[in-house]
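Let me begin by handing over the structure; questions about it come next.
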């Protein structure tokens, strides 16, 4: 709870500061876009949070976003697949990617960093191959499907809640229930805290690790489809680039320990909001160069990891004294 309060205070502080120094930050259009982008990146962040809680990492998220984001219009426009078939097929592919990651990690004892780093390279390369490195888009068609990622629930004449935010809330509630109200959520935390102890306690650790990676890839796949529905087109060479960094930063900033065993869904969503407000600040404030974006992301991750380490050391000292 203390971590959530801390990140919430950070969000409020960054939001107020940006409102003070950024032109048009409080405009209805900008606020809608801020909610929209927070929702899209929040979906990716919830997925990677499951992996981080197990003590793993998923570096392939951005490339899975690219694969699914380019793959959906490629199937629907070039191969004339109906949305009712194309969308489930893309989700199945994403699930199979997560399954393959989990099996390689659990059955061959490969390091998650290596497996997902290879995935990062493989999936983008495959996407550039089957699309012949050409931009994929909907060509003005499928407006009904694209409305899922572009329509809003109007609250006033100028402002509305994007439907992507509704999707995020639904996913966040389901993830919270899974993590906090089911035995499998307790298994995930136990696995992250001590895998050997969890295994000796009867937890099928391999199954839980595989499940975490399937969740991560499926949400990355869903996010990739929503991203391309939102913008209308995707370029295989750069679509989804570094999205894994934003997702991991949001998760860590929101309280997920890279050592595993800790993490809250609400904290992750707030962490995603902090990252998007920071990004918005960089783009709106004229005296901050826009090309330092990745430096800010790197600094945020570093600060979050240092804070996590200091908190753990302080807790360890208190246990020793006690």
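The values are calculated or read from the model by the stated rules, or taken from the named source; none is laboratory data. Quantities reported herein were computed from a predicted structural model and do not represent experimental measurements. Neighbour counts run over all protein chains shown; Cβ positions are idealised from the backbone, glycine included.
Conditions tested, residue by residue: (1) in contact with a helix residue (DSSP H, G or I) (Cβ under 6 Å, 6 or more places away or on another chain); (2) modelled with pLDDT under 95; (3) more than 28 Å from residue 189 (Cβ to Cβ).
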{"position": "48", "(1), (2), (3)": "yes, no, no"}
{"position": "58", "(1), (2), (3)": "yes, no, no"}
{"position": "68", "(1), (2), (3)": "yes, no, yes"}
{"position": "74", "(1), (2), (3)": "no, no, yes"}
{"position": "78", "(1), (2), (3)": "no, yes, yes"}
{"position": "85", "(1), (2), (3)": "no, no, yes"}
{"position": "89", "(1), (2), (3)": "no, no, yes"}
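Considering (1) more than 22 Å from the chain's Cα centre (by Cα); (2) modelled with pLDDT of 80 or more; (3) under 24 Å from residue 3 (Cα atoms), say which one residue 284 fails and leave the rest.
(3) is the only condition that residue 284 fails.
Identify the residue in region 121-137 that is crowded, with 20+ Cβ neighbours inside 10 Å and within 22 Å of the chain's Cα centre (by Cα) and, among all such residues, is farthest from residue 58 (Cα to Cα).
Here the answer is 127.
With region 188-255 as the region, which helices (runs of 4 or more DSSP H) entirely inside it contain at least 3 residues that are touching a residue at least 12 places away in the same chain (Cβ under 8 Å), in contact with a helix residue (DSSP H, G or I) (Cβ under 8 Å, 6 or more places away or on another chain) and buried (at least 19 other Cβ atoms within 10 Å of the Cβ)?
It comes to 205-231, 243-253.
Continuing with this model, one more query. Would you mind stating whether residue 62 is surrounded by 24 or more Cβ atoms within 10 Å (Cβ to Cβ) and within 11 Å of the chain's Cα centre (by Cα)?
yes
Please go through region 274-322 and pick out each residue that is touching a helix residue (DSSP H, G or I) at 6+ places or on another chain (Cβ under 7 Å) and not in a helix (DSSP H, G or I).
Selection gives 285, 288.
Tally up the residues in region 138-180 that are part of a loop (DSSP other than H, G, I, E, B), at pLDDT 90 or above and either more than 23 Å from residue 219 (Cβ to Cβ) or within 22 Å of the chain's Cα centre (by Cα) (or both), please.
2
When you check residue 268 against the structure, is it touching a strand residue (DSSP E or B) at 6+ places or on another chain (Cβ under 7 Å), assigned to a helix (DSSP H, G or I) and in contact (Cβ under 8 Å) with a residue 40 or more places away in the chain, yes or no?
It is false that residue 268 is touching a strand residue (DSSP E or B) at 6+ places or on another chain (Cβ under 7 Å), assigned to a helix (DSSP H, G or I) and in contact (Cβ under 8 Å) with a residue 40 or more places away in the chain.
Would you confirm whether or not region 13-25 contains a residue that is assigned to a helix (DSSP H, G or I), touching a strand residue (DSSP E or B) at 6+ places or on another chain (Cβ under 7 Å) and either surrounded by fewer than 20 Cβ atoms within 10 Å (Cβ to Cβ) or modelled with pLDDT under 90 (or both)?
no
Output the number of residues of region 99-120 satisfying the condition of being buried (at least 16 other Cβ atoms within 10 Å of the Cβ) and not in a helix (DSSP H, G or I).
0
Follow-up. Does region 158-173 hold any residues that are touching a helix residue (DSSP H, G or I) at 6+ places or on another chain (Cβ under 9 Å) and loosely packed, with under 13 Cβ neighbours inside 10 Å, and which are they?
Scanning region 158-173 gives 158, 173.
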